[in-house]
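The values are calculated or read from the model by the stated rules, or taken from the named source; none is laboratory data. Quick caveat: nothing in here was measured; it's all calculated off a predicted structure. Cβ coordinates were reconstructed from backbone atoms using ideal geometry, including for glycine residues, and neighbour counts include every protein chain displayed.
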Amino acid sequence: MKLLEERIQKDGIIKEGNVLKVDSFLNHQMDIHLFNKMGQEFKRLFGDKPINKILTIEASGIGIACIAAQHFNVPVVFAKKAQSINIDGEVYATKIESFTHKKTYDVIVSKKYISSEDHILIIDDFLANGCALNGLIDLVQSAGATVEGIGIAIEKGFQAGGKLIRSKGVHLESLAIVESMDTTTGTIKFRPQ
Ligand code: 5GP
């Protein structure tokens, strides 16, 4: 998606450890006009699927998922990062290792909000090693629901997640795929799509 690539090129900041900071339009301040265009694009990519719910994970996925949901006219459920102490039989639970915080979280969704009837589009901001997506897929499968597709804003194509998730046969679409980023020169290259 040209608009997103241009914005990353203009405002993205490359940090140590393969981290791309996009706080000025996506992860802290949010550009709602851009989010709306991203939502439109997700609708174009997944509009033929019988999606009745969007699943994301707190915190950064929520804004993108909510704007996208307006294009699908479906509710959004976000998986919560929980204290283990709160985990009981009322929730589906999984573990996710955070790429940015190097910490493992218990992540939960209430059994009230996903069921075997659901056809789910998973949405998140970044795809790096695929831990977050693996966890979200696990939650959907625990509920016996169907993953209809996965929509990502920014995939770091030089990390393993994209290949891993696509090899499961899931329909994964990323709006921008960063092929390489150079900390010293600040150069960001995208995979042609
Ligand atoms: P994964 O689980 O695929 O390794 O990493 C994806 C998660 O880590 C995303 O939910 C995102 O919040 C965070 N993340 C991974 N890489 C980056 C990055 O380069 N920049 C930002 N801002 N977040 C990232």
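Within the stretch 101-117, does at least one residue satisfy the condition of being touching a Ser or Thr at 6+ places or on another chain (Cβ under 9 Å), at pLDDT 95 or above and among the aromatic types (F, W, Y)?
no
Conditions (1) more than 11 Å from the ligand (Cβ to nearest atom); (2) within 23 Å of I137 (Cα to Cα); (3) at pLDDT below 95, marked per residue:
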{"residue": "E155", "(1), (2), (3)": "no, yes, no"}
{"residue": "Q159", "(1), (2), (3)": "no, yes, no"}
{"residue": "K163", "(1), (2), (3)": "yes, yes, no"}
{"residue": "G169", "(1), (2), (3)": "yes, yes, no"}
{"residue": "L172", "(1), (2), (3)": "yes, yes, no"}
{"residue": "S180", "(1), (2), (3)": "yes, no, no"}
{"residue": "T184", "(1), (2), (3)": "yes, no, yes"}
{"residue": "K189", "(1), (2), (3)": "yes, no, no"}
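Specify which of the listed residues (T56, T104) is touching a residue at least 12 places away in the same chain (Cβ under 8 Å) and of a type outside the set (K, R).
Result: T56 is the single residue among T56, T104 that is touching a residue at least 12 places away in the same chain (Cβ under 8 Å) and of a type outside the set (K, R).
Test each condition in (1) free of Cβ contacts under 8 Å to residues at least 12 places away in the same chain; (2) within 16 Å of the ligand (Cβ to nearest atom); (3) out of contact with any Lys or Arg (no Cβ under 7 Å at 6 or more places or on another chain) for N73 and report the one that comes out false.
Going through (1) free of Cβ contacts under 8 Å to residues at least 12 places away in the same chain; (2) within 16 Å of the ligand (Cβ to nearest atom); (3) out of contact with any Lys or Arg (no Cβ under 7 Å at 6 or more places or on another chain) one by one, N73 breaks only (2).
Which of the residues spanning the stretch 40-70 are closer than 26 Å to Y92 by Cβ, away from the ligand (no atom under 16 Å from the Cβ) and assigned to a loop (DSSP other than H, G, I, E, B)?
K49, P50, I51, N52
With the condition kept exactly as written, say whether any residue in the stretch 22-39 is within 15 Å of the ligand (Cβ to nearest atom), of a type in the set (S, T, Y) and touching a residue at least 24 places away in the same chain (Cβ under 8 Å).
no
On the basis of being within 12 Å of the ligand (Cβ to nearest atom) and either at pLDDT 95 or above or in a helix (DSSP H, G or I) (or both), does D138 make the cut?
no
Taking the stretch 107-128 as the search range and keeping residues that are in contact (Cβ under 8 Å) with a residue 24 or more places away in the chain and charged (D, E, K, R), which one is nearest to V22 (Cα to Cα)?
D125
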